[in-house]
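Engineer: Just dropping this structure here.
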Amino acid sequence: MSAAARCGPDGERPAGQAQHRPAADKAVLAQFEEHARRLLGAATAPLGIDGGPGVNEIMRSLTAGLAEDVEKWRSVQERHYARQLALWRRLAGAAAGDSPSGAPAPDRRFAAPEWREHAYFDCLAQSYLDAGVALGELARLARLEPHARRKLEFMVRQFVDAMSPANYPWSNPEAIKLAAQTGGESLARGLRRLAADAAKGMLSMTDETAFAVGENLAITPGAVVFENELMQLLQYRAASTTVFERPLVMVPPCINKFYILDLQPENSFVRYAVAEGRTVFMLSWRNVTPELGTLTWDDYVERGVIRAIEAAAVICGTDEVDTLGFCVGGTLLGSAAAVLAGRGEKRISTVTLITSMLDFSDTGELGVFVDEAFVRRRERDFAAGGVLPGRELAVTFASLRANELLWRCVVENYLKGKDPEPFDLLYWNADGTNLPGAMYAYYLRNMYLENNLRVPGRLTMCGVPVDLGRLDQPAYVLAAREDHIVPWRTAYASMRLLAGRIEFVLAASGHIAGVINPAGKNRRSYRVGPVAGDDPEEWLVAAQSRPGSWWGHWSGWLAAHSRGTMRAPRAIAATGQYREIEPAPGRYVRVRSD
């Protein structure tokens, strides 16, 4: 990029860097450039939907705003040039024999000593970081309405992240040094990995050969006890001599596989709940195929969540069940509970919502993609049915943390030719599910765009006007402090829509790490406190911090709202209506998206 060109005095290259590249080298570099363009294009593609505010309109508004406010634009430029001049002076000093600054860049992408050992690369990293600051300042000068401004800021961030000198073999000193040490083998391995990923259309974030669902992931003992075209219902075997009378029905997100809650034994939330005396039932959503593309939100509520609740109650011989919903599963659970309340059916005793939204007034970073033009386009795309590929959603989510989830893999896998590390969370993250287009379009419009679920009677689901204010069950609502998908203040606002007695808990870390925090490891912390008003900041000030995992706190809360215990059943689905269809985790979860 231009910053790199400025850092080399009189066009001089650092020692050891070739003065020209053979045709073969140029072809190799072209492959890296093309892959980088594709990643950037995939990350920003939803922003280019026709209708406003699109990319072109935003850029025109930015240009017009700068023209109308020349002094602010000039101020940004002057500060940028002053910082660049300081870098030039430092580089000139290094050419005269001074030592490089030695100071680490304030960014872990440039933390390795190679970035500081040579003045050129030190200057390159610092110049890039400064250019990013300047672009951000220019974006903030744009005279745009709030949503368009968020789009612009997202675009700028994606561009700046993509243009990091760490992402390219000719400007990453770590990759250059490793290539020299291995006689070019590291780069050759990287190219082979790039070709393999390009063929499958996905970036490898982890060693996928290290995991297999049903072998070392999702291995809590149990069985499928019911299935329809939309979901399988799993029941897990008791791990204690006594169990609580009411079963616990878990509703995972339908955009990912359920085993985020049942990873490996040491970090399985399902296994923990079973060990705590819970008879756990889990929905395993279907990875839908084109013939199921007309399934609706109502189908997910009625034939998914409500059907699972009915089955669990019959199998356990109870009138009511405890419930838990995670992420989109929490939104579906809230919808199902509102439908049941509208029908006058008392089937749910307690509700646990984990990093879930019922109020969509602030949808976090995902909101940058959703506006009227985008939703209208998606509605047209799926007017006759169809499937939203899980891969499309995976790229969207990854783009929210591009440096950690995209470009880090580019550097480690391609530039350095390293094997991806085995990491169960990233394996799960890449194992997405396809969604019915009709259901997805409904969710976008009525939740993300218009926030209709929070308004009593605004939506009719399964033939019933829904009102979250009728949900008077005790509720445990967990948010995560650094969640970029469900902002914790939004989870707080969602909680305020419910009428029952609420326990609000704020976990440390993000959307996944804040939830999957095994009690046995006693890591991180969480905050608890009485809910007295609508202001989340007041709650935060008054809340108490507690060390360790929230799992034990939740288990104690649920026990306090439980009716009693009984001898653990010897068999699964010991009724005439339900039977063991196949061992857990079942067939549905094993089907991967194309």
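The values are calculated or read from the model by the stated rules, or taken from the named source; none is laboratory data. Keep in mind the model is a prediction, meaning the values are calculated, not measured. Virtual Cβ from ideal backbone geometry, glycine too; neighbours counted across all protein chains shown. To get the accessible areas, we keep the full protein, side chains included, count just its heavy atoms, and leave off ligands, DNA and RNA. Shrake-Rupley method; radii C 1.70, N 1.55, O 1.52, S 1.80 Å.
Engineer: Quick one: work out the % antiparallel among DSSP beta bridges in the chain, nearest 5.
Structural biologist: Around 55 percent of the beta bridges assigned by DSSP in the chain are antiparallel ones.
Engineer: Could you work out how far the C-alpha centroid of the range 231-256 sits from that of the range 135-184, in angstrom?
Structural biologist: 44 Å
Engineer: Further, regarding this structure: I want the local charge near ARG303. Using Cβ-Cβ distances under 14 Å, sum +1 for each Lys or Arg and -1 for each Asp or Glu among the other residues.
Structural biologist: -4
Engineer: With +1 on each Lys and Arg Cβ and -1 on each Asp and Glu Cβ, and nothing else charged, work out how big the dipole of the chain is about its Cα centre, in Debye to the nearest 20.
Structural biologist: For the chain, the charge dipole is close to 420 debye.
Engineer: Right, something else. In whole percent, and with a 1.4 Å probe on the protein chains, what portion of the accessible area of the chain is carbon and sulfur?
Structural biologist: Answer for the chain is 52 percent, counting heavy atoms of protein chains only.
Engineer: At 1.4 Å probe radius, can you tell me the per residue accessible area of the range 456-495 in Å²?
Structural biologist: In whole numbers, the range 456-495 has 36 Å² accessible per residue.
Engineer: Something else now. Can you list residues from other chains, or at least 5 along the same chain, whose modelled amide H is less than 5 Å from the amide H of ILE348?
Structural biologist: Under 5 Å from the amide H of ILE348: VAL321.
Engineer: Between LEU435 and residues 5 or more places away or on another chain, which pairs have amide H atoms under 5 Å apart, with H built 1.01 Å from N, and which residues are they?
Structural biologist: Residues meeting the criterion, in which the H sits 1.01 Å from N, are LEU388, GLY390.
Engineer: Something else: Determine the sum of side-chain charges near ARG563: Lys and Arg each +1, Asp and Glu each -1, restricted to other residues whose C-beta is under 12 angstrom from that of ARG563.
Structural biologist: Local charge sum for ARG563: -3.
Engineer: Calculate log10 I(q)/I(0) of the chain for q = 0.05, 0.12 Å⁻¹, where I(q) comes from the Debye formula with a single equal point scatterer on each Cα and nothing for solvent.
Structural biologist: Debye output, listed in q order: -0.25, -1.25.
Engineer: Using square roots of five times the C-alpha gyration tensor eigenvalues, list the equivalent-ellipsoid semi-axes of the range 440-593 in whole Å, biggest first.
Structural biologist: 29, 25, 19
Engineer: Continuing with the same structure: How large is ³J(HN,Hα), in whole Hz, for each residue of the range 346-353 in order, when computed from phi with the Karplus curve 6.51 cos²θ - 1.76 cosθ + 1.60 and θ = phi - 60°, using x for Gly and Pro?
Structural biologist: Couplings: 9, 10, 10, 8, 9, 10, 10, 10 Hz.
Engineer: Something else about it: What do you get for the angle between helix 551-560 and the principal long axis of the chain? Use alpha-carbon atoms, 0 to 90 degrees, nearest ten.
Structural biologist: 20 degrees
Engineer: Once the other residues with Cβ under 14 Å from the Cβ of MET205 are scored (Lys, Arg +1; Asp, Glu -1), what is the net sum?
Structural biologist: It works out to a net charge of -3.
Engineer: Separate question: Under 5 Å between amide hydrogens, which residues at least 5 positions from GLU503 or on another chain qualify, with H placed 1.01 Å from N in the peptide plane?
Structural biologist: ALA475, TYR476, VAL477
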